[in-house]
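Every number in this text was worked out from the coordinates using simple rules, so none of it is lab data. Nothing here was measured: the structure is a model prediction, and the numbers come from that model. All Cβ positions, even for glycine, are placed from backbone atoms using ideal geometry, and neighbour counts span all protein chains on display.
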Amino acid sequence: MWKGTFMNKAITDGVVFMPTPFADGLDVWSSQNGRPGDDTYDGAVNAAFVPADQDFGGCLELQKSQSVQKLRYMGETPWLPGTYLRVTARVKAISGNLPSVRIAGYPAQGNGAVVSGLTQQAQSVALTSYGSVVEVSAIFGPGARSGVDLQWGTDPVFAHLGLDLTGANGGIVRIDDLVVEDVTHVFHRDMMSWVDVRDYGAVGDGVTDDSAAFEAADSAANGRRVLVSEGTYFLGQNVTINSRVQFEGTVTMPDNRILSLTKDFHLGPYIDAFGNEELGFKKAFQSLLNNSDHESLDMGGRRISISGPIDMQAAVANKDNYAQRRHIANGQFYAEGSTVWDPEVVTSQATYSASADKTLTGVTNVANVPIGALVEGNGVGREVYVRDKNVAAGEITLSQPLGAATGTQVFTFTRFKYLLDFSGFEKLSSFSMSDIEFQCNNKASGIMLAKTGVVFQVRDCYFTRPKYRGITSIGYGCQGLLVDHCQFISAEGGTPSQDRVSIAINANANDVKIRNNRASQFRHFCILSGSNSVISGNHFFQGDGQVNGVRLAGLVLALRACNATVVGNYVDNCTIEWTNEREVNPDYTGGFGFAGLSITNNVFLCGDLLPSFGWIVVKPYGTGHFINGLNVTGNMFRCVDGNIDRVEKVDTSFADLDMTRMKKVYFSNNTFNNIEYRTENPALVSHSENTVSSTWRVDGANWLAFGGRARDVVSVVATQKIENSSNVAQWGMPYARLEQGPNGDKVDLVWENAVRGQVNVLMRMDT
């Protein structure tokens, strides 16, 4: 007698799928659904056990008396996710009308109630002759796989399995013992390596919500991979998969739903999951900020083609503040498309007042002014951005004071487009990126920072050919900004420096560290408006092919009391410019003045320039300003292909410095090549008086820093005999009269008697 075999779960886990044979009694075989209390065939007038059939051995003989004559095993056959069962029956007609036979079953919930909406019958097979054995079978399973007759998903807990007789009544049939086999191995060739989401109820039609099936497959994986086989799977809920995962099919999700791949959290699986690089990155970033199981996203060296600016906050719509350490690394963002990267330009009339120096009021068309737009207008300083806006009040909040732009005028607001735009975040802290190339392709800008935040770090990255900006801060998301070991490569190398528009970095807040970067041929490398910055080890160069060309600032320090350190840089064909262009009332009325700048151990180089060029430029935007703390020490200044007059200068476009108030200025231990006048403070001036005189005028004009006034004499040392007209040595000391001459840059040494000789005078232009 053929009874079949048990496979997989029956063998490995001892699960019993096989119904009891008819010989053990008909009281467990129901003529209804197999539920407790249903009618059984025990003692039924139309059923009997036949102990010795020539084809079957022991079997059930049954006369069909109902339109659908049911036979259900009352035992609870367990329904296990991922398991496929084949039910087989061997039947032959004995006499009377010939019926049809089909495999059938009752899917039950844990309480025994039916799981609604499931097909309970397989295809019918007609019996066409008497005495001929007909075998019918059907496969039950959770997944919509080829060969599965009855797909029941994962909702059933157990089943009552059996068969139906249909067709005309009155016929008598004999039925061999039913066989239930675990045939999961037919669908899973390697059960030890993966589980398929389809085996846990996933449909993959792009409409049915397969979220529960994905998580059921993950729960059953137990160290194996989860396989997302071919299809399009709609996930309408947040889904977390804690197993390794392999995507042959793709998924779709609402923007606000999160897919967390905790064991395979890197960019590749997300691209595979969503079938799109850009969308895959967005969903991976969304998970990065919504799951504590991972702190970094590895792009795996992938190049992501970007068809438009990525709004990073919109990708994580449930958060606009984030302060835990997160990191993205190892890949490339590549700008594609054309007009999608064009800046938005809006002009609006607005009023600016010194009493609210970071606000524009009465802004016409304010709704159309984009947050993050650059503000331009008469008197407006460089790199001022729209930080926020209040449409109802007609107001705009600015990243910095505009400068000398008080009153009402028409402003231009230009919103550049960035590969990665974080400006939707109110606050983003402790975020970092490394080993990424931002391939802007002269179309896009690089990164726009959040409105506020602390310690955003970018290291070992390339910003290649940004159209307008590399890294932009529109507020205080740059507090403690760290930019280390990055390359900034302009798209404007062939453009004269004064015609360039691209800027590598701007920052508004304090404690910025710009270290060991290289920047090539931007309009400006950095514009820093906060204090306590460290600019160290960078090489920024801005030359062009113009003979006697214009050279602009590589580094702009737009704060008087900047407390900045500029050390170990290579400043190549550009300047360090120190300004107060943010001040609404630019004339000096109090405070430290231009204070707290240290420029040490840098290499300064220039060539093919007019003699008036200088590397260190102070540019006061109002009257009365002075320097109160500047240290220029240990630097090497070199001019090639020509000479320049001095290394430092005051840009008097708006006003000069007040040389009568200069304090704590130190120029020392620098080297000068092809520089007409070496700048020192204190300046050591060697003076020879060849004819006897009681007053020697010592000129410090060419040596004192910034052409300042001779405000102090530190020492006078005779380097030759001081003698009278009779060549007799004189031992008296002179006294000094300071700030002599029309510009106050000379000192008179007044002797007791008329003498001649030579002295070294150490004089200062400050106090």
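P(r) for the range 194-294, from all Cα pairs and a bin width of 5 Å, is 3, 15, 27, 29, 19, 6, 0 %, short bins first.
Between the beta carbons of T671 and N242, assuming R0 = 60 Å, the FRET efficiency works out to 0.45 to the nearest 0.05. For the range 731-740, putting each phi into the Karplus relation 6.51 cos²θ - 1.76 cosθ + 1.60 with θ = phi - 60° gives couplings of 10, x, 9, x, 10, 10, 9, 8, 6, 8 Hz, in residue order, rounded to whole numbers and with x for Gly and Pro. Close amide-amide hydrogen proximity is noted between T695 and W751, each under 5 Å apart and 5 or more residues distant or on a separate chain (H modeled in the peptide plane; Pro and chain starts excluded). Where both bridge residues fall in the range 566-712, DSSP classifies roughly 5% of the beta bridges as antiparallel. Hydrodynamic radius of the range 344-415 by the Kirkwood approach over all distinct alpha-carbon pairs: 11.4 Å. For I306, the residues 5 or more places off, or on other chains, whose built amide H falls under 5 Å of its own are Y334, A335, E336.
Binning the alpha carbon pair distances of the range 490-673 at 5 angstrom intervals from zero yields the distribution 2, 8, 17, 21, 22, 17, 9, 3, 0, expressed in whole percent. I want to verify the translational diffusion coefficient of the range 469-555 in µm²/s; compute it with Stokes-Einstein, Rh as the Kirkwood radius over Cα pairs, at 20 °C and 1.002 mPa s. It diffuses with D of about 163 µm²/s by this estimate. Summarising the amide proton neighbourhood of T623: residues at separation of 5 or more, or on other chains, whose placed amide H is nearer than 5 Å comprise D587, Y588.
By the scheme Lys and Arg +1, Asp and Glu -1, what is the net charge of all other residues having a beta-carbon under 13 Å from that of T166?
Residues near T166 contribute +2 overall.
When both the range 73-138 and the range 589-634 are represented by their alpha-carbon centers, they are found 93 Å apart. In terms of the Cα gyration tensor, with a ≥ b ≥ c the square roots of its eigenvalues, is the range 317-370 rounded because a/c is under 1.5, prolate because a/b exceeds b/c, or oblate? Oblate is the answer for the range 317-370, as a/c is 1.5 or above yet b/c matches or exceeds a/b. For the peptides 608-617, 568-577, residues were scored by their other Cβ atoms within 10 Å and the scores averaged per peptide; the highest-first order is 568-577, 608-617. Along the positive direction of the dipole of the range 9-187 (beta-carbon charges: Lys, Arg +1; Asp, Glu -1; about the Cα centre), which of L118, A89, L178 reaches farthest? Of L118, A89, L178, it is L118. The residues neighbouring V501, those whose beta-carbon lies less than 15 Å from its own, together hold a net charge of +3 under the Lys/Arg +1, Asp/Glu -1 convention. Looking at the chain alone, DSSP beta bridges between its own residues are antiparallel in about 45 percent of cases. For the range 344-357, putting each phi into the Karplus relation 6.51 cos²θ - 1.76 cosθ + 1.60 with θ = phi - 60° gives couplings of 8, 10, 10, 10, 8, 7, 7, 10, 10, 10, 5, 6, 9, 6 Hz, in residue order, rounded to whole numbers and with x for Gly and Pro.
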